[in-house]
Every structure is written in C-alpha cells, then in structure tokens.
Amino acid sequence: MTDPEFREAYRRHKDILYRFAWRMTGSPASAEDLVQDCFLALLRNPAAYDSQRGTLRSFLIGVTRNLALKKLRGERPLGELDDESVACPVIDPDGRERAEIVARAVAALPPLQRETLILAEYEEMPLDEIARVVGAELAAVKSRLHRARENLRRMLAPLLEKKGTAYGSCR
Amino acid sequence: MDRVDDAGNADPKLSELLQEWQVPGAPRSLDERVLGPRRRWWSFLLTGSIRMPVPVAVAIAAALLMMAVALARQRTAPPAPSSVNLADFQPVRDLHVRVIRGDHGAR
C-alpha cells in the first residue's frame, strides 16, 4: 500500500471508525487509541486486507471491533460479551440530558449486542455486512439486534413514554 | 421506511431517540497521530527532505560537475585579442627612413 493510498484510506474511513470506537468504549480518548492502532495495523500488514472478502471499510471496522472487544475484555475479564439473560434495568433519567441517557443505555448493553446496534442504527450498515464484520452468522446478528432493541426499550422506557409510545418499563 | 428492519423489531421511535446521541468525527489530533503533524510550507523548506531515485541523483550530480568544469575552463582561458579599430589611423605624411647597413669587412 503506497503512502497516498494509505492517506486516502484514512481520510475516507477515519470518521466512521472513530464514531464506532467511541460508542463501543464510551470514551473519546480510547476511540483515538483504537483508531490509531487500527491504521497502524493496516500500515504494518496491508496484505491482511483481502478485497475479495469485502470492502476496506468492513475490514477496518472489523479490526477496530476486535481491538475494542479486547480492551473491554481487559476491563471486565469475567463479563460475558453477549449474555442472553441480561435484562438491562430502566435508567433513571432524573437530571440527565437525553443524549447522556441514550449513551448510558447503549453502554449498558452487552458488547456483542452493542456493536450490532451501533453498526445497524448509527452507521446504517446492512445486516449481512455486519455479519461479515463481526464474523458471525446472519441469524446471530439478527438475534443480537433484536435483543439490543428490547433492552434499549426497557432502559429508555421513561423517555419513550414521554414520546407517547405504549412500552412498559420492564418485561 | 425503517432503515434496518431485518431483525423484525424495528422501532422508529427508538431509532429517533437513539439518534439524539451524536458523536463527532475524528479530531485533528488523531490526524496528527496517524499521519504525522502537518508542517508549514516554509518549515518544509528548512527541515524537509525529498526522496530521489539514485539514477536521478547521479545524473544531476554529473550535470553539476560538468557545469563546474566548464566554468573553471572559462576563467583560465587566455583573453581574446581585442579588436583593432582603424578609424583613428591616419596615413603617414612624412616618412624618413634610416637605413642601417652592416659592416661586412669592406674597409
């Protein structure tokens, strides 16, 4: 990969990678570290990207995703990445900005649900591409997204009720 | 129309609420960390470097050497004779020729 090609790849994909890393880790500083590590990995081993297997965007998101999960595992070594039994509690919106409440809710999701939701809802990525990025079956990705939305409805019920939906606070 | 409804529980209200949490794009500090700091053009003139193929460098060095040799030769060459302007020359009006004869032992 030539220097101009690398710079072009960085220019094209830095924002989506940074936003994804921020939403995964909840920290802009961690997001910078992850994106830098991602592009350093590309620089050191450009042959790792195979255009036959997918787009460069998918490849870079996959690298960032792996780095983020590694970081999250390091912070919570005993935590499950996708615990189906998790029923995220309602978040008390008292005194918090709505954006902050939403951020907390997304951060409370198990990591595998969180990444699927971020890529689907915020980056509008098709589910089949998400499946390629995270290295899972399409059915598993659909299941994770379904559970993520269910958990978010539960956690954000106070805000959704204010919007006039019929959702209750718990299941 | 829902953007993503393949999971079967797409929710426009939830999607709208989720969009209230926006994060910015990559900051300039990340650009510098990945690509290196941006330098002013004059800083490049002072501290920058240019990568050059060896054959190009050899050709440039050879051309500079030939120019230096040519300049050196120009400096050491004898001065060209100045041209003579005959416009101020006047014909000789009175010519006294003194003949000197050698003594060949005749006396």
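FYI, it's all coordinate maths here, none of it is from the lab. It should be emphasised that the depicted structure is a prediction, and the values quoted were computed from it without experimental measurement. Please note: Cβ atoms are built from the backbone with ideal geometry, for glycine as well, and neighbour counts cover all protein chains shown.
Remarks
- Cβ neighbours within 10 Å from other chains - mean over B:27-34: 5
- The A:R7 and A:L69 beta-carbon pair, evaluated with R₀ = 25 Å, returns a calculated FRET efficiency of approximately 0.35.
- Debye log10 I(q)/I(0) for region A:102-167, one point scatterer per Cα, at q = 0.21, 0.25 Å⁻¹: -0.81, -1.02
- Helix-only mean residue ellipticity at 222 nm for chain A, each DSSP H run of n ≥ 4 adding -39500 (n - 2.57), per residue, nearest 500: -20500 deg cm²/dmol
- 10 Å Cβ neighbours from other chains, averaged over peptide A:15-25: 3
- If R0 is 45 Å, the Cβ-Cβ spacing of A:D94 and B:L35 corresponds to a FRET efficiency of close to 0.55.
- Longest segment of chain A lacking GluC sites (Glu not before Pro) that sit in a DSSP loop with at most 12 other Cβ atoms within 10 Å: A:1-79
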